[in-house]
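J.: I am attaching a structure below and will ask some questions about it afterwards.
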Amino acid sequence: MNDLPILSHKTPEDLFLVGFRVDPAADGPQFYTLFALGGENERPITTVGDRIVFFTKPGFAKKALAIGDPTMQALGDPPEELEMLCDVAQALYLVNSEGADPDHIVRDCLEMLDDLVRATRLSMPPPYQEALSDLMEHLVKTPMFGEHLRDHNTRERVEDAFLWCVGAVTMKSKMVTG
């Protein structure tokens, strides 16, 4: 019998640059963070004190990485190209006023906010967690959500939950501006 070792198949982690737009009047991202994706622990860059590190220009990524968790620093140089835009402003508009998400803006934003809130280590109020989980489960099946929100009477609760997430992440963050 062959005594070959059994190799575990791990997906390597990589750093990704993620931009965020919160002002509907802004043309593009207003701030950024780095994410470690591809491993078992997808996460944003945090300080040793567990604050999420954001920065105002992609050129500040190296400085942000330098003050971040050493496990993130070990992943190499930060990318220069934007991998994803988390368009909070557009997601809030869609949830508040529309009934469909054909470009998956709401779903992408929910996934990103989920990772960010987890990194804060704050507990989301159960009604908000339930509303966002329910919407996410629905959006995985179809981009049409207006009727779902109306039938469950949760449009306002989903909007409030989005805003709670943004506030929680803001309060547990550090901004690099230069």
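J.: What is region 51-178's relative contact order, in percent, from Cα pairs under 8 angstrom and six or more apart in sequence? If you can, show how the numbers build up before the last one.
T.: On the way: 121 pairs, mean separation 52.4, N = 128.
In percent, rounded to a whole number, it is 41.
J.: OK, next. Can you pull the percent of Cα pairs in the chain with separation above 20 Å?
T.: Numbers: 8759 of 15753 pairs.
Everything past 20 Å amounts to 56 percent.
J.: Sticking with this one: Magnitude of the Cβ-charge dipole of the chain, K/R +1 and D/E -1, about the Cα centre, nearest 20 debye? Please list the in-between numbers first.
T.: Numbers: 16 positive and 29 negative charges, 145 e Å.
The dipole of the chain has a size of about 700 debye.
J.: Calculate what fraction, in whole %, of the accessible area of the chain sits on carbon and sulfur atoms when a 1.4 Å probe is rolled over the protein chains.
T.: Numbers: 5240 of 10360 Å².
Here it works out to 51 percent.
J.: Which FRET efficiency value, to the nearest 0.05, do you get for HIS104 and ALA26 by plugging their Cβ-Cβ distance into 1/(1 + (r/R0)^6) with R0 = 25 Å? Provide the component values of the computation, followed by the final result.
T.: On the way: r = 20 Å, r/R0 = 0.81.
So, using R0 = 25 Å, E works out to roughly 0.80.
J.: Apply the a/c threshold of 1.5 to the C-alpha gyration tensor of region 33-95 and tell me whether it is rounded, prolate or oblate. Please list the in-between numbers first.
T.: Numbers: a/c = 1.81, a/b = 1.63, b/c = 1.11.
The shape class here is prolate.
J.: Okay, helix-only estimate at 222 nm for the chain: each DSSP H run of n ≥ 4 adds -39500 (n - 2.57), divide by all residues, round to 500 deg cm²/dmol; what do you get? List each step's numbers first, then the result.
T.: Numbers: 7 runs with 77 residues, N = 178.
That calculation yields -13000 deg cm²/dmol at 222 nm.
J.: Let me make sure I get this right: for region 86-139, a, b and c are the square roots of the gyration tensor eigenvalues over alpha carbons, sorted descending. Under 1.5 in a/c it's rounded, otherwise prolate if a/b > b/c, else oblate. Which is it? Show your work: numbers first, answer last.
T.: Values: a/c = 2.05, a/b = 1.56, b/c = 1.32.
In terms of gyration-tensor shape, prolate.
J.: In this model, which of LYS63/LYS172; LYS57/LYS172; LYS141/LYS174 are farther than 26 Å apart at the alpha-carbon?
T.: Working: LYS63/LYS172 19 Å; LYS57/LYS172 20 Å; LYS141/LYS174 36 Å.
Cα-Cα > 26 Å for LYS141/LYS174; rest within.
J.: Compute the distance in nm between two label points, each set 7 Å from the Cα along the Cα-to-Cβ direction, one at ASP134 and one at THR56.
T.: Taking the two extended label points, one gets 4.1 nm.
The values are calculated or read from the model by the stated rules, or taken from the named source; none is laboratory data. It should be emphasised that the depicted structure is a prediction, and the values quoted were computed from it without experimental measurement. Here the Cβ is made from the backbone with ideal geometry for all residues, glycine too, and neighbour counts use every protein chain on show. To get the accessible areas, we keep the full protein, side chains included, count just its heavy atoms, and leave off ligands, DNA and RNA. Shrake-Rupley method; radii C 1.70, N 1.55, O 1.52, S 1.80 Å.
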